[in-house]
Amino acid sequence: MAELIRFGISIEKELSDKFDRFIKEKNYTNRSEAIRDLIRDTFVKDAWKQNRNVSGAITMVYDHHKRDLLDKIIDIQHDFSRFIISSQHVHLNHHDCLEIVVVKGISREIQKLSDRLKCIKGVKHVSLAMTQAS
Ligand code: NI
């Protein structure tokens with residue numbers, strides 16, 4: 001187990017009260033858990049901003065009946081194949097497919113892949129979940 005250290009912080013009462021309400025709403029067991037999560041989240045955002053090695057998942061929904069759509073999606077994914085770890089395809093209903101693409105690499109390239117998938121005609125929704133540095 002990692003070594004734990006304790007430190008005290010001083011903040012305004014109003015901010016502390018707001019934070020305690022936030023902790024309760026999110027069901028954190030204590031302040032330390034919440035602060036640890038916020039710190040990790042800040043590091044993830046910073047890694048993405050600084051174009052570092054990151055990992056994440058692109059979730060997309062599209063209508064597979066749209067002309068040339070599957071070819072375009074496959075072409076783009078092959079262009080970025082070195083950043084793609086795996087993908088999962090689920091047939092949501094008669095028209096729509098859900099695809100989850102697990103990605104790892106330089107954040108600028110991952111963002112570019114997500115943006116290119118987003119602007120294909122027939123793609124209904126794309127969301128990029130950014131997670132920690134790899
Ligand atoms: Ni499908």
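All of the numbers you see were taken from the coordinates with simple rules; none came from a lab. Here the structure is a predicted model, which is why all the values come from computation and not from measurement. All Cβ positions, glycine included, derive from the backbone under ideal geometry; neighbour counts span all protein chains shown.
Please work out the C-alpha center-to-center distance from segment 80-134 to segment 39-60 and express it in whole Å.
Rounded to whole Å, the Cα centres lie 15 Å apart.
Relative to the longest principal axis of the chain, what angle (0 to 90°, nearest 10) does the C-alpha long axis of helix 13-25 take?
Between helix and principal axis, roughly 50 degrees.
Note down the magnitude of the dipole of the chain about its Cα centre, charges +1 on Lys and Arg C-beta and -1 on Asp and Glu C-beta and zero elsewhere, to the nearest 20 debye.
Roughly 200 debye for the chain.
Under a 5 Å amide H to amide H cut-off, with H placed in plane at 1.01 Å, what residues pair with Val103 once short-range neighbours are removed?
When sequence neighbours closer than 5 places are left aside, the close amide H contacts are Gly56, Ala57, Ile58, Ile85.
Give, in nm to one decimal, the length gained when the segment between Lys104 and Arg6 is fully stretched (0.36 nm per residue of separation minus the Cα-Cα distance).
31.9 nm
Nearest 10 degrees is fine. How inclined is helix 69-79 to the longest principal axis of the chain, computing both from alpha carbons?
60
Using Cβ contacts closer than 10 Å as the measure, can you line up Phe22, Phe80 from fewest to most?
Going from least to most buried by this count: Phe22, Phe80.
For Leu92, Leu117, what ranking results if the residue with the fewest other Cβ atoms within 10 Å of its Cβ goes first?
Leu92, Leu117
What is the total of Lys pairs in segment 53-124 with C-alpha atoms under 19 Å apart, excluding same-chain pairs fewer than 8 positions apart?
11
If I take every Cα pair under 8 Å that is 6 or more residues apart in the chain, average their sequence separation and divide by the length, what percent do I get for the relative contact order?
With pairs under 8 Å counted, the relative contact order is 33 percent.
Mind sorting Val126, Val103, Val90 by how few other Cβ atoms lie within 10 Å of their own Cβ, fewest first?
Taking fewest neighbouring Cβ atoms as first place, the list is Val90, Val126, Val103.
Got a sec? Charge dipole of the chain, +1 on Cβ for Lys and Arg, -1 for Asp and Glu; which of Ser16, Ser86, Leu69 is way out at the positive end?
Final value for the positive-end residue is Ser16.
Among Arg21, Arg36, Arg52, which one shows the highest mean-square fluctuation when the chain is modelled as a Gaussian network with alpha-carbon springs under 10 Å?
Result: Arg21 has the largest fluctuation of those listed.
Please identify the longest segment of the chain free of exposed GluC sites (Glu not before Pro), where exposed means a DSSP state other than H, G, I, E or B and no more than 15 other Cβ atoms within 10 Å.
13-134
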